[in-house]
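These notes concern the structure reproduced below.
The values are calculated or read from the model by the stated rules, or taken from the named source; none is laboratory data. Here the structure is a predicted model, which is why all the values come from computation and not from measurement. Counting neighbours? That spans all protein chains shown, and the Cβs are built from the backbone with ideal geometry, glycine included. Accessible surface is based on the protein model in full, side chains and every heavy atom, while ligands, DNA and RNA are left aside. Shrake-Rupley method; radii C 1.70, N 1.55, O 1.52, S 1.80 Å.
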Amino acid sequence: MKTSEQRTEEILRRAEAQRESAARRSKRAWLLSVTAGFLILVLALNLLLFLPYPSGLPDLSRYAGSEYYGLMQQLNALTYRAPQYKNNFEAWFGDLFSGSNNSDGMGGEAVAPDEGNGGSAYAEVTDNQEAGVIEGDLFKRTQSHIFYVRQDDSNRLSLLAYTIGGTQSALCSRLEIAPEGKAYFPANSELELYLSEDGKTATVFTVQWAYEQQQRYTAAISVDVSDPAHMKEVRRTYLSGDYVTSRKAGEDFLLISNFAVRSNPDFSDEAQFLPQAGAYGALESLPMADIVAPENADAARYTVLCRLGSDLAVKGHVALLSFSEEVYVSQGNIFVTRGYTADTSADGETVSYTYREARTEISCISYAGGGLREAGSADVPGEVRNQYFMDEQDGMLRVVTSTDAGLLEYAGDAAALPHEEYMKSASLFVIDLETFETAASLERFAPAGESAISVRFEEGAAWVCTAIEYESVFVEDPVFHIDLTDLANITYTDTGTIPGYSLSLVDFTGGTLLGIGRNDDFDLKIEVYERAPDAVLPVASYERNADFSEEYKAYYIDRENGLIGLHIDDYEGGASARRDCYVLLHYDGYGLNELLALPLEEYYSCDETRATIIDGCLYVVTPVGIYTETLPWQGA
């Protein structure tokens, strides 16, 4: 029998053993917990680092009830950009191992562009393409004042008013125009000005970059100029996208912008993928009924057309997905082009082949009777270079294109390939605007390898300059006169190949044609052409070792008096001797004679110079001021 001391010791030993056992169990539990936590952390880290990024198109099923759902799916496919990296590990640490920066800057982030270091009646001064359809310009005038809009080196906008007083003309006032909200006016943006019929209201169109939305808007800004000495802003209206062009028909404005949807847009934010119009901070999306989205659209970019009243109230709009910036406005219709490529296959007796050709879809939007309405579309081979390549006449749209194609593959006798089908050339098409079918055509009239460079339509004819393009330089210049009086029998004559090329063709005095372009040394060349029974004849020319603007609105054209004026950068004595001057030429039926060369004191872009002649005085307006000169020729 154990003594009490022995029993006490036994109890103490058992208690100690239990404590040690509990400690061991606690330690094992702690180790298991730590190990489990560590494994969970490793698993989470692996998931964080190596879980693959989604590679398919984002799921838009939650928007299935939206009227824009079909459009969203189109844009989703056009704008989705797969992640640059496979997972977070590559995104965070890939450059450490590759030793390079793989970013190409093409993600979904929108990047802001560089900021860069009256009351008397209105009189038109711009040489408009279409009678009765007014085009915007950097300057307009009334009987008493000239108005000029400019953007300075700090990207600020100013509307300047000059008095019309001959050699005593002077600056009357300047209105500074500031961006609205958290925004700025990007450098080198399009900028145009209009005046109302009574000369009391000026309207400025330009581009504004909004920081909050991270995108561009076209701004229409109305200014009261009834008292030119005290001009004041009245109201503004905005349209999504970059300003492309505009027209004034009656008292309404036809405004065209180009709105690009950026990569991976947030479809819960309509401003990111739908064109909008209205007041700043309260723009409204265009309804789906006003959006034209071709099934073969290949670009997430809209050409947006908006009709504004004289008070800048929105009166109608249409947006065309995947169209371009080439716009022609007639007396009732707006024509917008969309270039694309198509593959054509053919089988001959000894050869089969496939070639890819450039084509153009031309969409017609009617503005007759108020509002805007899609009227139809036509499709023609080739590319349309600019607005002057299109013209509406008697219910027909006349179009000149540069045709181009490339052979993709062939099988059989190579000598039997019809090479003319994929050589560069120029073609003319006449589209019936009732059916939008081709009513007549003159295909591949230019020598093989030449493109159409400039076009000018007349009532029953077209003038076309073609040239061979070599590394973006045009090296030859036939000019064609195409007779369109009988569409069943279209005929043409031409000059044959002569040195240089014409960038602009102008219907000129006495039925002549004026070509403004470059000679074979790429200096200024101005030429006058006449149509003879069997040929087109160059009858007068003016050449100068100088650079000049290729912007048509920078030229002063007076058909009645045979005058042509333009700002030139003369470097006859070399680069160190360059000087700016405004040259005015007169065609007297025999030659192009220089009436004057007005020195301009400061160097700046020739594109921004404008001029007009009023009561025998030449007014030249530039971003830095106004120059005047009494003309030595009384006929002006």
query = With the dipole of the stretch 133-280 worked out from charges on the C-beta (+1 for Lys and Arg, -1 for Asp and Glu) around the Cα centre, which of GLN208, TYR148, GLY250 lies farthest toward the positive end?
reply = TYR148
key: Amide H partners (placed H, <5 Å) of ALA183, local residues excluded   = TYR211
task = Return the sequence-ordered ³J(HN,Hα) values of the stretch 173-180 in whole Hz as given by the Karplus equation 6.51 cos²θ - 1.76 cosθ + 1.60 applied to θ = phi - 60°, using x for Gly and Pro.
result = 6, 9, 10, 7, 10, 9, x, 9
ask   = How high is the FRET efficiency from SER173 to GLU409, r the C-beta distance, R0 56 Å, rounded to 0.05?
value = 0.25
task = Name the long-range amide H neighbours of ARG398: under 5 Å, sequence gap of 5 or more, or other chain; modelled H, no Pro or chain starts.
result = ASP391, GLU392, GLN393, ILE431
request  = Calculate one ³J(HN,Hα) per residue across the stretch 196-207 by plugging θ = phi - 60° into the Karplus curve 6.51 cos²θ - 1.76 cosθ + 1.60, and present them in order as whole Hz with x for glycine and proline.
outcome  = 6, 4, 8, x, 9, 10, 9, 10, 10, 10, 7, 10
ask   = Modelled label-to-label distance, LYS27 and GLU458, 7 Å Cα→beta-carbon offset: nm?
value = 10.9
task = Quote to one decimal, in nm, the extra length available between GLU349 and ASP152 on full extension: 0.36 nm per residue of separation minus the C-alpha distance between them.
result = 64.4 nm
key: Exposure of ILE134 as accessible area (Å², to 10), given a probe of 1.4 Å and all protein chains   = 40
inquiry  = If you count only protein heavy atoms and use a 1.4 Å probe, how large is the accessible surface of MET288, to the nearest 10 Å²?
reply    = 50
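Local charge sum around PHE267 (other residues, Cβ-Cβ under 14 Å, Lys/Arg +1, Asp/Glu -1)?
Local charge sum for PHE267: -3.
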query = Counting pairs of alpha carbon atoms under 8 Å apart in space and at least six apart in sequence, what relative contact order in percent does the stretch 277-363 give?
reply = 20
message = Pairs of alpha-carbon atoms within less than 8 angstrom and 6+ residues apart define the contacts here; what relative contact order does the stretch 478-570 have, in percent?
response = 20
remark   = Long-range amide H partners of ALA535, meaning residues 5 or more apart or on another chain whose placed amide H is closer than 5 Å, are none
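Rank TYR69, TYR194 by accessible area, highest first, at a 1.4 Å probe radius? Don't jump to the answer; show the numbers that get you there.
On the way: TYR69 55, TYR194 0 Å².
The most accessible residue leads, giving TYR69, TYR194.
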message = Which three numbers, in whole Å and largest first, are the semi-axes of the equivalent ellipsoid of the stretch 497-545 derived from its Cα gyration tensor as √(5λ)?
response = 19, 12, 8
task = Would you list which lysines come within 29 Å of LYS200, measuring only between C-alpha atoms, while excluding same-chain residues fewer than 8 positions from it?
result = LYS140, LYS232, LYS248, LYS315, LYS553
query = Which whole-Hz couplings ³J(HN,Hα) result when phi for each residue of the stretch 477-483 is put into the Karplus expression 6.51 cos²θ - 1.76 cosθ + 1.60, θ = phi - 60°, listed in order with x for Gly and Pro?
reply = 8, x, 10, 10, 10, 9, 8
request  = Please give the length that would be gained between ALA448 and GLU374 if that part of the chain were fully extended, namely 0.36 nm times their separation in residues minus their C-alpha to C-alpha distance (nm, one decimal).
outcome  = 23.0 nm
remark   = Using alpha carbon centers only, the stretch 130-183 is separated from the stretch 508-559 by a whole-angstrom value of 29
